[in-house]
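K.L.:
Input: one structure, supplied below.
The values are calculated or read from the model by the stated rules, or taken from the named source; none is laboratory data. Keep in mind that what you see is a predicted model, and the values were worked out from it rather than measured. Reconstructed Cβ throughout: ideal geometry from the backbone, glycine too, with neighbour counts over all protein chains shown. Accessible surface areas use protein heavy atoms only, side chains included; no ligands, DNA or RNA. Shrake-Rupley method; radii C 1.70, N 1.55, O 1.52, S 1.80 Å.
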Amino acid sequence: MSTPPVIQISDIANHVGEEVTLRGWVYNRTDKGRLQFIQLRDGTGIVQCVAFKKDMDEAQFQQAAKLTQESSIVVTGTVRQEGRAPGIPGGYEVGLSGLSVLQMAEDYPITPKEHGTEFLMDHRHLWVRSSRQWAILRIRATIVRALREWLDNEGFLLVDTPIITPAAGEETTTLFSIDYFGEPAYLAQTGQLYNEANMAAFGRVYCFGPTFRAEKSKTRRHLMEFWMLEPEAAFYTLEDLMAMEEQLISYTVQQVLDKHRTELAIIERDVSRLENVTAPFARISYDEAVERLQKLAAETEDPQQRELLHIEWGEDFGSPHETALAEMFDKPVFVYHYPTAIKAFYMQPVEGRPEVCRSVDLLAPEGYGEITGGSERIYDPELLEERVSKIGLPREAYAWYLDLRRYGSVPHAGFGLGLERTVAWICGLPHVRETIPYARMLNRKYP
Ligand code: 4AD
Ligand code: MG
């Protein structure tokens, strides 16, 4: 007798009427005496397996009736189409003829009842098995794939940048330092400076890797370790950047809508808000953004809210400002030309108005705030030298970066997209902690 083929649950529709083998974990079990309903998950989906006493070997049925949540099992049975059968995909069940237990799981800490977030985060290594987390992390993978696909198709070359770096790339106060054989070194806060070197070699490049920020920030948008996608392109202007970003982001949202209706339903995402995310996105200047906020604050009756919205020209936006601005639009919105003083040293000043710079942030709708930040880069060697010394960066550490302006400097621009904030927005999650498999936060590095 030939053994039935091993299949994955995602492929079950192609095996109706056939006998198959499935391998996985018990998601849940309902005991109906002579009938045991086992929700089996294998990572690709969940299917209801029905163990019926009269169809099975007695010892195996007894095992089925004792299965605990998350026990690992191998089953064989016949796939049936059954309209009401729950599962992912729904509408199929497997009538079991055989079952073997690889390991009978101990009392599983995460039960179908409600648990607090801290408890779940402490059990993150197990929580990733839950269907909601499963859905989010699958969407994350598609977002990564879509972003890369779009860039690859547009002629951007993936060129990796180092994680261990000798100097700050963005801001000296948020560096994680490490001991590099007795010398100080830091974990990368950005790949940008290296991207600029790679840009001069390949024209259009991107890096995509883990990024580290030792920010003592406890907000729902901050992680100590996050993933950043950073494209950089020779001869790009700020306008080119915006045109590129809106294409990249609408493509990515579209890919999620195309591939993840099931996952979006599991996490109860309002997809109408996503269907709306098509190019073009609105563009407003920082000046206009401040005016809009000041007007809104003046019209706000609640004094507390008015205080939160208060802003003077020159100040950076806090999250209440970003949320209020984003609410004025039904799609992501670009804010460009921020004050030079609140942005990074390498940003190109606006011609004739050096107090503002050629920078652009993209604010996501629904209160998700800044998901990308970018700019045109200073390409004049003297001006860049001046900026480096003015903010007190050690010249030796930046000598190689300054070289880029000495050997064929060109106008260029780039941006960084925070993956977790993008996933939080697309999935409609209130906090970034569930958007990454193992979040690193101010009070958490376990598990
Ligand atoms: O605005 P940021 O700091 O820009 C840069 O690092 C530039 N060097 C990028 C570039 O031009 N190549 O960071 C870019 C994005 C932010 O818009 C945000 O989405 C995300 O990275 N980000 C964070 N995400 C989670 N946790 C944090 N602590 C983050 N800090 C930034
Ligand atoms: Mg920024």
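K.L.:
I'd like the Kirkwood hydrodynamic radius of region 342-447, using the inverse of the mean 1/r over distinct C-alpha pairs, in Å.
P.N.:
After inverting the mean inverse Cα-Cα distance, the result is 16.4 Å.
K.L.:
Loop-only GluC sites (Glu not before Pro) in region 96-149, please: DSSP not H, G, I, E or B, and at most 10 other Cβ atoms within 10 Å.
P.N.:
Sparse-neighbourhood loop GluC sites (Glu not before Pro): Glu106, Glu114.
K.L.:
Tell me the label-point distance for the pair Ala282, Gln294, using the 7 Å Cα-to-Cβ offset, in nm and rounded to one decimal.
P.N.:
1.9
K.L.:
If you take the beta carbon distance between Asp152 and Glu239 as r and set R0 to 22 Å, what does 1/(1 + (r/R0)^6) give as a FRET efficiency, to the nearest 0.05?
P.N.:
Calculated transfer efficiency: 0.45.
K.L.:
Once ligands and nucleic acids are excluded and a 1.4 Å probe is used, how much of Trp227 is accessible, expressed in Å² to the nearest 10?
P.N.:
That residue has around 90 Å² of solvent-accessible surface.
K.L.:
Amide H neighbours of Gly369 under 5 Å, counting only residues 5+ apart in sequence or on other chains, H built in-plane at 1.01 Å?
P.N.:
For Gly369, whose amide H was placed from the backbone, the distant partners under 5 Å are Ala364.
K.L.:
When each pair of different Cα atoms in region 76-161 is counted once in the 1/r mean, what is the Kirkwood radius in angstroms, to one decimal?
P.N.:
After inverting the pairwise mean of 1/r, the radius is 17.4 Å.
K.L.:
Would you kindly calculate the mean projected area, averaged across all directions, of the convex hull enclosing the Cα atoms of the chain, in square nanometres?
P.N.:
Averaged projected hull area, Cα only: 27.0 nm².
K.L.:
Also, quick follow-up: What number, in nm² with one decimal, is the all-direction average of the projected area of the convex hull of the alpha-carbon atoms of region 9-103?
P.N.:
Mean projected area of the Cα convex hull: 5.1 nm².
K.L.:
Still on this model: Going by average Cβ density within 10 Å per residue, which order do the peptides 159-169, 190-200, 346-356 take, highest to lowest?
P.N.:
190-200, 159-169, 346-356
K.L.:
Here's a follow-up. Kindly report the accessible area of region 100-152 per residue (heavy atoms of protein chains, probe 1.4 Å, no ligands, DNA or RNA), in Å².
P.N.:
52
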